[in-house]
Amino acid sequence: MAHVIFGINLTLAIPAVPLMHSHETILKASALLLLSLLLSACGGESGGREARVDEGIRLGVLHKGNGAEPQGLDPHTTSGIPENHIITALFEGLVSKNPQTLEVEPGVAESWDISEDGLSYTFHLRHDARWSNNDPLTAEDFRWSWQRAMTPALANVNSYMFFPIVNAEAFATGEISDFTQVGVEVSDPYTLQVRLRAPAPYLLQLFDHHTTYPVHRATIESFGDPSDRLTAWARPGNLVGNGPFLLTEWEVNSRLRIEKNPRYWDSAAVQLSAVVFYPTENLTTEERMFRDGQLHYTEDVPIDKVPVYLRNEPDLIEISPYLGTYFYIVNTKKAPFDDVRVRKALALSIDRQLLVETVLQGLYEPAYALVPPGTLGYQPPQVFEYDPEEAKRLLAEAGFAGGQGFPPFEILYNTHEQHQKIAVTLQQMWQQTLGIQATLLNQEWQVYLDTQKNRNYGVSRRSWIGDYVDPNTFLDMYISGGGNNYTGFSNARYDEIVLHLAPRTADRQQRYTLYKEAETLLMNEMPILPIYTYRSKHLMSPCIQGMPENIMDWITWKYVYLECPAQ
Amino acid sequence: MWRFTVLRVLQAIPVILTVITLTFFLIRAAPGGPFSSEKAVSPQVQAALEARYRLDQPILQQYFSYLADLAHGDLGPTFRYPGRTVDELILDGLPITAELGFYALMIALVLGVTAGVVASLKPNTLQDYVPMGAAMVGICMPSFLLGPLLVLVFGIWLQWLPVSGWGSTPGDKLLPSITLGAMYAGYIARLSRAGMLEVLSQDYLRTARAKGLPEYVVILKHALRGGLLPVVSYLGPAFAYLLSGSFVVETIFQIPGLGRFYIQAAFNRDYTMILGTTVFLATLIVVFNLLSDIAATWLNPRLRYQYKQ
């Protein structure tokens, strides 16, 4: 940019008579300005100012780094993690999540009954649930909100979460326009009935997802068409919610503040008086803010700082397993990757332990399957391990002994330092073990997404974060023709298990046995090469209580409080 | 003078129109789109999203509707932040960016002019090499290095200044202003040194000295006038760029200015935001260049005469 300025300047350098007096004035003014800036700076230094975190502990205000700037706070149009952290404090669904176990616990519904066949759910709403403007919260609010969330014109990317409900898919895709045909019924103001087209054992988990949260009809309608995603109802001063906190301030790219909602039914349990969220896209800045006493909790930790904290201040860093897998996908429709032996050779020749210990500084767990271990008790099968000899043999069997005749291919990843390091490592491992040549192809995020979608790749980086705690959120990705299945993988038995058998199995252990079978099938066909399981990393003040680590990195705000451990 | 101004304003219109047109069609040609995500979106949702943002219309129609809205000062809704408009986000960020830019420019002027003038008085001696070396460092050291260095020293080690923020803690405006000003200071130092050297060898200065004027009067009163001219014409475009914000400085210091929108909008394929920020920057540059030209013409009788012809 500087050179451009210089260029413009040269073309403009026309000799002329200068304004002597204004120069002096400018010089004097700027000297004054500098002086005042310096003075104000010194004021900050000598005043013995209380650090923001200390003040926060005194006042019960938690300061949290929150990643990207939230796109919006409408529970039905957003889908990101930063938004989720805030929306879960402003609204509450039928059920809530226990942060320790991740099992559902009562939210707006104080109890529920599930019919024998698993097709009908009856929710009994608590009578003391209120909106933040003191309106009573009733079953009709849920019905109307769900209708809005599924209305095609609103273009809710999460509307598919309602699809287990009778006719929800037909309504959301515009096939029918009469919402009374959808399996959601209000039998009385405090009873909501939901009928399913097929059993969905993970359904209760969905009723804690923000896409199923109730929204305040009168407020939304006062800002225009409820199915218009561009109205300003979800702003401070406008937003009416039903969660433990209220939105009080939102300065874009600066901070967003929420304060305790006195009308929340369980407000006696809420201990924080406020939470302030700071957009912290730059991890290094976020880490500095934490060190400077501006944040109690960070959204992430720069990977090179992790060993430093582990060594010097282990009580300030929290690292825990996360519901996400980093893997590579292989285009099974493209030679030579259409041969399963080639795909297996690729998978077996990756020394994940070495990769994790060196490139990833021991931070993550090597993965040998798609679903992360510990997803509500699910343990994925391990059908293969690092085996370079077997990998060579498989490649030879496929007709490429020692890599002879193997066509050169590209490893696709989106531009990012970490992805590049991993791609380089894989490139070397494949070259050394199998004797095959890969080149690296990094693309800007959007271009990379486009290339994957068009199946214009051989081997490509990918990752997946679970939407809810159930193996299904990972495994339904690889059903035949699935929207996220860019590999061309298709297996009838796999489809049968994921789409029909597992959902009809009410017993959790039996269902997990089925999922294990499906995952074994997937790993035998190897359209994906698992690399590692994610972990969430946070810098965290020891004074934060009630925020236990869990695999979804989920915070149930009403349980969080600030209290420093006794020294 | 009037003729000149009107002429230049008329020339600015096709320039801005070309920028809009090129940007509009180039961003549409880029792969991906505002609604692509790692998670597949159903075709119905995709269609509804496109309809809401008029992306389902023929591209020429979209182009003309955009121009029509723009004529009313409406830059449209952003794709990234539903419920907010591009106008609103630009207007929110502008005062902060302008304030930061102003401080940076003041710091740049004080440091740059001082260094340049000092250097020009004894060219090719230590008195020249030291400030010019510093200026070179200022130009070459990218703000993503200088910013964190300053933060490390003054924020983390000495604990004098906050490491980030804008207007929330006293003194938090100082480090970003210095970081942003450093590069401009370097340029201004070099420009003022070159300008001064040219002027110092002129006859009228020898006359001034021969009259027995003290050296400081010669320099401050007679030499600076002509010597700083290149700096004056540099300020217009420099301020235009400063007003468009600095992505790097704003990110490092967590400043809610305009700069971050430029880069993020491109990554997100936020069509209206890309267009809005580009149109805004293009207009600023055109306007500030126009103002510098008018100022130069007004200052320079020879140019004034030329335009009368």
Problem set entry | Residue in region B:46-74 that is most open to solvent (accessible area, probe 1.4 Å), counting only those that are away from chain A (no Cβ under 14 Å) and among the hydrophobic types (A, V, I, L, M, F, W, C) | B:F64
Exercise. Going through region A:321-373 one residue at a time, which ones are polar (S, T, N, Q) and either touching an Asp or Glu at 6+ places or on another chain (Cβ under 7 Å) or buried (at least 20 other Cβ atoms within 10 Å of the Cβ) (or both)?
Worked result: A:T325, A:N331, A:T332, A:S349
Exercise. Got a sec? Which of A:E175, A:E185 is among the charged types (D, E, K, R) and without any contact (Cβ under 8 Å) to a residue 12 or more places away in the chain?
Worked result: A:E175
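Matching residues to (1) assigned to a loop (DSSP other than H, G, I, E, B); (2) in contact with a helix residue (DSSP H, G or I) (Cβ under 9 Å, 6 or more places away or on another chain); (3) more than 8 Å from chain A (Cβ to nearest Cβ); (4) open to solvent by 20 Å² or more (accessible area, probe 1.4 Å):
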site	(1), (2), (3), (4)
B:S192	no, yes, yes, no
B:V199	no, yes, yes, no
B:Y204	no, yes, yes, yes
B:K221	no, yes, no, yes
B:L224	no, yes, no, no
B:Y241	no, yes, no, yes
B:V249	no, yes, yes, no
B:Q254	yes, yes, no, no
B:F261	no, yes, yes, no
Exercise. Residue check, B:V163 against (1) more than 10 Å from chain A (Cβ to nearest Cβ); (2) touching a Ser or Thr at 6+ places or on another chain (Cβ under 9 Å), all met but one. Which one?
Worked result: (1)
Exercise. What residue, of B:P142, B:P176, B:P170, is open to solvent by 10 Å² or more (accessible area, probe 1.4 Å), touching a residue at least 24 places away in the same chain (Cβ under 8 Å) and closer than 24 Å to B:G257 by Cα?
Worked result: B:P142
Exercise. When you look at A:F142, is it of a type in the set (F, W, Y), in contact with a strand residue (DSSP E or B) (Cβ under 7 Å, 6 or more places away or on another chain) and open to solvent by less than 10 Å² (accessible area, probe 1.4 Å), yes or no?
Worked result: yes
For this session: Name every residue in region A:422-456 that is of a type in the set (S, T, N, Q), open to solvent by less than 60 Å² (accessible area, probe 1.4 Å) and over 21 Å from the mean Cα position of the chain (by Cα), in order of residue number.
Result: A:T425, A:Q427, A:T433, A:Q443, A:T451
For this session: Inspect all residues belonging to region A:335-352 and state whether any of them is assigned to a loop (DSSP other than H, G, I, E, B), closer than 28 Å to A:G488 by Cβ and touching a Ser or Thr at 6+ places or on another chain (Cβ under 8 Å).
Result: yes
Problem set entry | Some residue of region A:448-461 being touching a Gly at 6+ places or on another chain (Cβ under 8 Å) and polar (S, T, N, Q) | no
Problem set entry | helices (runs of 4 or more DSSP H) completely within region A:191-300 that count 3 or more residues being under 15 Å from A:H85 (Cα atoms) and either open to solvent by less than 20 Å² (accessible area, probe 1.4 Å) or in contact (Cβ under 8 Å) with a residue 12 or more places away in the chain (or both) | none
Exercise. What do you reckon, is B:Y234 facing chain A (nearest Cβ under 7 Å), within 13 Å of the chain's Cα centre (by Cα), open to solvent by 10 Å² or more (accessible area, probe 1.4 Å) and not polar (S, T, N, Q)?
Worked result: no
For this session: Filter region A:270-291 for residues that are more than 13 Å from chain B (Cβ to nearest Cβ) and in contact with a Gly (Cβ under 9 Å, 6 or more places away or on another chain) and give the result.
Result: A:Q271, A:L272, A:S273, A:A274
Exercise. Within region A:467-494, can you find the residues that are open to solvent by less than 10 Å² (accessible area, probe 1.4 Å), within 12 Å of chain B (Cβ to nearest Cβ) and under 15 Å from the mean Cα position of the chain (by Cα)?
Worked result: A:T473
Exercise. Within region B:274-284, which residues are closer than 20 Å to B:G101 by Cβ and open to solvent by less than 20 Å² (accessible area, probe 1.4 Å)?
Worked result: B:G276, B:T277, B:V279, B:A282
Exercise. What about B:I13, is it of a type in the set (V, I, T), over 30 Å from B:S292 (Cα atoms) and more than 8 Å from chain A (Cβ to nearest Cβ)?
Worked result: no
Problem set entry | In region A:162-190, residue surrounded by the fewest Cβ atoms within 10 Å (Cβ to Cβ) [restricted to those that are within 12 Å of chain B (Cβ to nearest Cβ) and not β-branched (V, I, T)] | A:E175
For this session: Of the numbered conditions (1) within 20 Å of the chain's Cα centre (by Cα); (2) in contact (Cβ under 8 Å) with a residue 12 or more places away in the chain, A:A335 fails exactly one; give the number of that condition.
Result: (1)
Problem set entry | Which listed residue is assigned by TED's automatic domain parsing to the domain that holds A:N485 and either in contact with a Lys or Arg (Cβ under 9 Å, 6 or more places away or on another chain) or under 20 Å from B:P256 (Cβ atoms) (or both), from A:V306, A:V270, A:V275, A:V330 | A:V330
For this session: Output yes when any residue across region A:520-530 is within 30 Å of A:H296 (Cα to Cα), part of a strand (DSSP E or B) and in contact with a Pro (Cβ under 9 Å, 6 or more places away or on another chain), and no when none is.
Result: no
Exercise. Does at least one position in region B:30-45 carry a residue that is away from chain A (no Cβ under 12 Å) and either among the basic types (K, R) or open to solvent by 20 Å² or more (accessible area, probe 1.4 Å) (or both)?
Worked result: no
For this session: Report, by residue number, each residue of region A:251-267 that is of a type outside the set (D, E, K, R) and either more than 22 Å from B:I252 (Cα to Cα) or more than 14 Å from chain B (Cβ to nearest Cβ) (or both).
Result: A:I258, A:N261, A:P262, A:Y264, A:W265, A:S267
For this session: Could you grab the pairs with beta carbons closer than 8 Å, sequence gap of 6+ or different chains, first residue in region B:83-107 and more than 11 Å from chain A (Cβ to nearest Cβ), second one among the basic types (K, R) and crowded, with 17+ Cβ neighbours inside 10 Å?
Result: B:E99/B:K173; B:L100/B:K173
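The values are calculated or read from the model by the stated rules, or taken from the named source; none is laboratory data. All of these numbers come straight from a predicted model, not from anything done at the bench. Note that each Cβ is placed from the backbone with ideal geometry, even for glycine, and that neighbours are counted across all protein chains shown. The protein model used for the area step is the full one, side chains on, heavy atoms only, and it has no ligands, DNA or RNA in it. Shrake-Rupley method; radii C 1.70, N 1.55, O 1.52, S 1.80 Å.
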